[in-house]
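A quick write-up on the structure given underneath.
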């Protein structure tokens, strides 16, 4: 079983290395000696030739693997006899930089510098593994030949043949018909010249062409701080870098600047920084047979961090304990910033304590020092910025050459601004040159865009452009509450709305509390609290901007298209303010325009100067405005009222009619062509919005009084302590609560009892009602039924009978029920009035009932007479019945 496991393990190794290539297979065999000579598959292992030292089963498996590799062959376009390197180490898997363990030097500097952690420079050169040291193509002319080099000699001319010869161990090259030629130690160029001379002398009329078939192999010993020290099999073209890569690379504990090469040619030191970091010097990386490479421990190291092209930990030159800072900065690729750098050095004193020092590029740094490259003053200079209601924030140079930036130059392209900017005011957020405190400087954007005004900008200025939405926000409810000194946290939020936060409200509320008269011209403007609490982005970016704008505003109200607050600069014409408000409305009365101003030169009380202006000449530009002014443009008196009335039902021309002030019902009926023959003026339903609101308030008030009576009755019965009464009381209280809820949910019709018969109105003009905007007149057809509801045996509608009274209709409905109260029965007449039904014996059946009436027979409240809250239920039910009847008539007429 143990032998089987060993065989399986061996075969898995063969499979992995065979996929990597023949050279890797040769390296992986026991002893490390190459078995493939020459290392091309056809000449290495002919079919049927067993490899010595392997059992037959392993030989078969190896043969199958090599056959599979041989079928693939060399790369396209290359000869199968092309030389291959004898050693190709398996590449090390690349490791992510943060996962590599810190070396001693890296841990030392990591404890002294802020993240990111610096790594030692240069050791990643060998991370990806070695590359082939000999490519395909012509060898250099100075290549020195040695034993086992294979030469290809092609003779052309009188002698035509091609010979493949190998330099012998004695260094001689044996050619047919020629004496042995000493080749070892000669360069390829010298041997070619020698053979050409021999061919010209001994083989007249022939030429010889010399090339290398395959280079020889050599072993180089690599020792010291490498990953895999020992003998490394290389070819004759390998360099020091190839040998180090074959050894797995230099450890971080090894030096890259003091690698020693010892051999027959003597001893020399190689500085790899001259190869991988472009350091001064010319490293000799060539190798000879018998040389050895020794990698000593790493020398002194310094860290260069901060604003350099290649922050890392660098090794000092060989045997050096200090180096000029300029040289280390050059190794780090130089500073990112060409000038204005601050070089902060972190060093260790004699006691091992860390100390900091400001360094110059000529300073010397010692091993263990760290240099941090920082900006001398990392601030923005010579810039101006365009922000706010712009397509994209723009940064420009404040001064270029001899010319300084101006507002007109900054906004020279109108496309920089978004659509619909507010042109009457912009602001420059400017810092004081001595104290650095910021303040706003106003300017008229419209005049700047027209080329009539300009302003020189300074370094650090921020030009703020406002949009119309930003100005409209100044009259929003949240701003009005802040002007009253309320904290922004008390802002009412709608259910489910996102939390509202605006940085401009807090300083505004504080300023309003500190000086109640500061925004007096705005607080008295009477803006309705409408609009969403969305905070403009410019108010978030500049929290003090809102208070500045409110200080710069004039209040323009009345007959303009968009009244409100208009921030302006001083001495702005009224014509420009009206244009910003969208212009005047058609109803503006220019004879008595009110103009109010608070004089700014008063030291005591601030009087309010109010003036009436006659601007019928429309010379608005003559009125010059200042911040805090108030202008009110009144509405001219007109006959036309502010809304229409609606006529539905039995009119010859029903529809919507506009009315003039003082117009009466009869006039509108006449405009509608009068009534149709089927009209029933006695049942006309006239509704008015103001009446509906009062009726709705009455329902709410009655519901509250009903609930109060319920509480009083419950308290009284609790004191009495009667059990049966309490049981009945509970049912009554529940019924009362349901009635109160019904009252709250009931919708009032807003019906008025009016006379709508044109004949009667002509005879009695005092009954002709004055119309209001929004009135609705529904004229029904003449009905032919009377409805009986309440505590009767068969409630419903009965056909109208001339001369019938309420008692007749109740009798026709089956009579009253057991708990009915005929004495309180009433009739809702078609015109909306109510009257007693007269069902008592002494009332003789009541008056005649007109068609379209409603007879209501209530329940006897005598079991609940002791409860005070029942006494007005009859009246409440009557009001609800009237409203329900009116709404039914309107709905019925509207459907027609």
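The values are calculated or read from the model by the stated rules, or taken from the named source; none is laboratory data. Bear in mind that the values here come from a model prediction, so they are computed numbers and not experimental data. Glycine gets a Cβ as well: all are built from the backbone with ideal geometry, and neighbour counts include every protein chain shown.
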Scanning the stretch 290-307 for residues that are in contact with a helix residue (DSSP H, G or I) (Cβ under 9 Å, 6 or more places away or on another chain) and assigned to a strand (DSSP E or B), the one nearest to residue 226 (Cα to Cα) turns out to be 295
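Find the strands (runs of 3 or more DSSP E) located wholly in the stretch 605-654 whose residues include 2 or more that are more than 52 Å from the chain's Cα centre (by Cα), and list them. Talk me through it step by step, then tell me what you get.
Values: elements: 609-613, 630-633, 640-649.
In the stretch 605-654, the matching strands (runs of 3 or more DSSP E) lie at 640-649.
Residues being in a helix (DSSP H, G or I) and in contact with a helix residue (DSSP H, G or I) (Cβ under 9 Å, 6 or more places away or on another chain): count how many of those fall in the stretch 266-289. Steps first, please.
At the first step, the residues of the stretch 266-289 found to be in a helix (DSSP H, G or I) are 273-276.
Now drop any that are not in contact with a helix residue (DSSP H, G or I) (Cβ under 9 Å, 6 or more places away or on another chain), which leaves 273, 275-276.
Adding up the residues that qualify gives 3.
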It is to be established whether one or more residues within the stretch 349-361 are crowded, with 19+ Cβ neighbours inside 10 Å and in contact (Cβ under 8 Å) with a residue 40 or more places away in the chain. no
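I'm checking my understanding of the structure. Among residues of the stretch 549-586 that are in a strand (DSSP E or B) and without any contact (Cβ under 8 Å) to a residue 60 or more places away in the chain, which one is surrounded by the fewest Cβ atoms within 10 Å (Cβ to Cβ)? Can you show your working first?
Kept after step one, since they are in a strand (DSSP E or B), are these residues of the stretch 549-586: 553-558, 560, 564-567, 572-573, 584.
Going one step further and asking which of them are without any contact (Cβ under 8 Å) to a residue 60 or more places away in the chain, we end up with 573, 584.
Details: 573: 16, 584: 18.
My answer is 573.
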- request: Report whether or not residue 460 is touching a strand residue (DSSP E or B) at 6+ places or on another chain (Cβ under 7 Å), over 23 Å from residue 535 (Cα atoms) and part of a loop (DSSP other than H, G, I, E, B).
  value: yes
Checked the stretch 738-758 for anything over 58 Å from the mean Cα position of the chain (by Cα) and assigned to a helix (DSSP H, G or I); matches are 758
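Residue-by-condition table, conditions (1) modelled with pLDDT of 85 or more; (2) loosely packed, with under 13 Cβ neighbours inside 10 Å; (3) not in a helix (DSSP H, G or I):
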residue: 698; (1), (2), (3): yes, no, no
residue: 706; (1), (2), (3): no, no, no
residue: 724; (1), (2), (3): no, yes, no
residue: 729; (1), (2), (3): no, no, no
residue: 736; (1), (2), (3): no, no, no
residue: 760; (1), (2), (3): yes, no, no
residue: 774; (1), (2), (3): yes, no, yes
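Are any residues in the stretch 381-392 in contact with a strand residue (DSSP E or B) (Cβ under 8 Å, 6 or more places away or on another chain) and closer than 18 Å to residue 431 by Cβ, and if so, which ones?
Quick first cut of the stretch 381-392, residues in contact with a strand residue (DSSP E or B) (Cβ under 8 Å, 6 or more places away or on another chain) only: 382-391.
Result: 382, 383, 384, 385, 386, 387, 388.
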Residue in the stretch 194-209 that is assigned to a loop (DSSP other than H, G, I, E, B) and under 23 Å from residue 288 (Cβ atoms) present
no
Note on the stretch 433-444: residues modelled with pLDDT under 95 and either assigned to a helix (DSSP H, G or I) or surrounded by 17 or more Cβ atoms within 10 Å (Cβ to Cβ) (or both) are none
